[in-house]
1. Using a 10 Å cut-off on Cβ atoms, rank the peptides 246-255, 371-380 from the highest mean neighbour count down.
2. Could you tell me the relative contact order of segment 305-483? Use alpha-carbon pairs under 8 Å, at least six residues apart, and round to a whole percent.
3. Quick check: the distance between the Cα centres of segment 165-193 and segment 25-72, to the nearest angstrom?
4. How high is the relative contact order of the chain, in percent, counting Cα pairs under 8 Å that sit 6 or more residues apart?
5. Take M362, M1 and order them by how many other Cβ atoms sit within 10 Å, fewest up front.
6. Need the full-extension length gain, Q417 to L271, defined as separation in residues times 0.36 nm minus the C-alpha distance. One decimal, nm.
7. Only bridges with both residues in the chain count here: give the DSSP antiparallel percent, nearest 5.
8. Just want the answer: with Cβ charges of +1 for Lys and Arg and -1 for Asp and Glu, which residue in Q318, A27, P364 is farthest toward the dipole's positive end in the chain?
Amino acid sequence: MQSTAIVWFRQDLRLEDNPALDAALRAGHAIVPVFIWSPEDEGEWRPGSAGKWWLHQSLGQLDDALQRLGARLVRRRAESAGAELVALVKACKATAVYWNRRYEPGIIERDAAIEASLSKDGIPCTRCNGSLLFEPWDVKTQSGTPYKVFTPFWKQCRKKLVRVRVLPGPKEMPTPAARPDSIDLDDLRLEPEIDWAGGFCKEWQPGEAGAQKALAAFVYDALTNYAVGRNRPDTAGTSRLSPHLHFGEIGPRQVWQAVHTALGADARRALPEAADVYLSEIGWREFAYHLLYYFPDTTTMPLRTEFHDFPWTDNRPQLRAWQRGKTGYPIVDAGMRELWETGWMHNRVRMIVASFLVKDLMLPWQAGAAWFWDTLVDADLASNTLGWQWTAGCGADAAPYFRVFNPTAQGRKFDPQGAYVGRYVPELAKLPPRWIHTPWEAPGDVLEAADVVLGESYPQPLVDHAEARIRALQAYKDLRSRAS
């Protein structure tokens, strides 16, 4: 009689290039695909509201794909994934369990405990790498320590990337005669009770098919101009693959292969600049997980310990204005409103809004990270932590303390016609490009013609950027003086 194995899906919601699923099928098992919703296991980093919306859609797509192969996704809701997994093993008389690794600190500990419990009962667990090009422990400095600077980290990764193998998806899936019970997808209660996600539905196609479609569109339409296009929020110049990568609807090996295939390039040869720049973004994602694995406390604590004493402010009204896109700086407000409307924000604008929060307003980076965590469909603990600590200057390979993004200059440079601002800040859409990034400088007749009343239809700037920059630089200099 054919043995039965459970394949535990987590952040690997795809069939192609899924190492855990592939290993179980190669071992000849009948497969029970399982997803367990156990947010309590996630601790303080349980999925945010936007992430849960995406997860609901992705699970539905995964189940549809499994059904086309004659299988079904078994969905369970439990306070403890480990206890539920043990119960499922007994219910379907499984002889093995397979899963792809996760790297969040609390999840590493939980998974180790689950493996120990199952092994004690004689159930072997096979853990695979389904989300990274390299395991964090496979890339170290010559002295055997973790990297803290991106460039040498990525240089070593590139040396190792001689060949990338993408596993094919299954053509069929054997299943046991008796299947465990499953709850309905709606019973996981992932979607919001109040429908605030209408903009998400218009913007995204979650699931493996949506990920493949987005990847193909990017590599054949936008890749060759990526080095320039990636900085322009007013154009479609990025891949927008981040939520698909986070939920594992596509993996980095597939992205790597698709880029080389589209360019007809061998992995060992030099790539055009645009492709090399794009793949370095995959490298930053790898670096983020490298740091999270070796420095798990950085989700809430600065990697550079001197920043424990940084004089952050506690101004709740200013934080609320930033969250709602009412700072009076159009490019900042456009980014925050894009986030609220679509669950995503252009990466250039992420840097601008983050700099504004931590340097213009001197509000703590943790407050920004928490807001992003709840509102981004691609909220990823490793990347979110790296990005915010980079901007605040307190993490690995961080932005230098004197880098303070000027929101006006950034807006004029990367949204020169004001198309991005006009889309997400419609009350400014009638302003000419000359004034759309500085409405407070526009002549009265221009404001009147554009139906803009500063302080009423659109807010005055929360702070004067020039003054805020001086304040931030002084705080950073004082910190450096105390640390030296």
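We did not get these values from a lab; they are worked out from the coordinates using the rules stated. In this text the structure is predicted, and so the values were computed from the model without any measurement. A quick note on method: Cβ atoms are made from the backbone with ideal geometry, for glycine too, and the neighbour counts reach across all protein chains shown.
1. Result, highest mean Cβ count within 10 Å first: 246-255, 371-380.
2. Reported relative contact order: 26 percent.
3. Segment 165-193 and segment 25-72 have Cα centres separated by 6 Å.
4. Relative contact order for the chain comes out at 17 percent.
5. Ascending number of Cβ neighbours within 10 Å: M1, M362.
6. Stretched out fully, the Q417 to L271 stretch lengthens by 49.4 nm.
7. Approximately 0 percent, going by the DSSP bridge assignments.
8. A27
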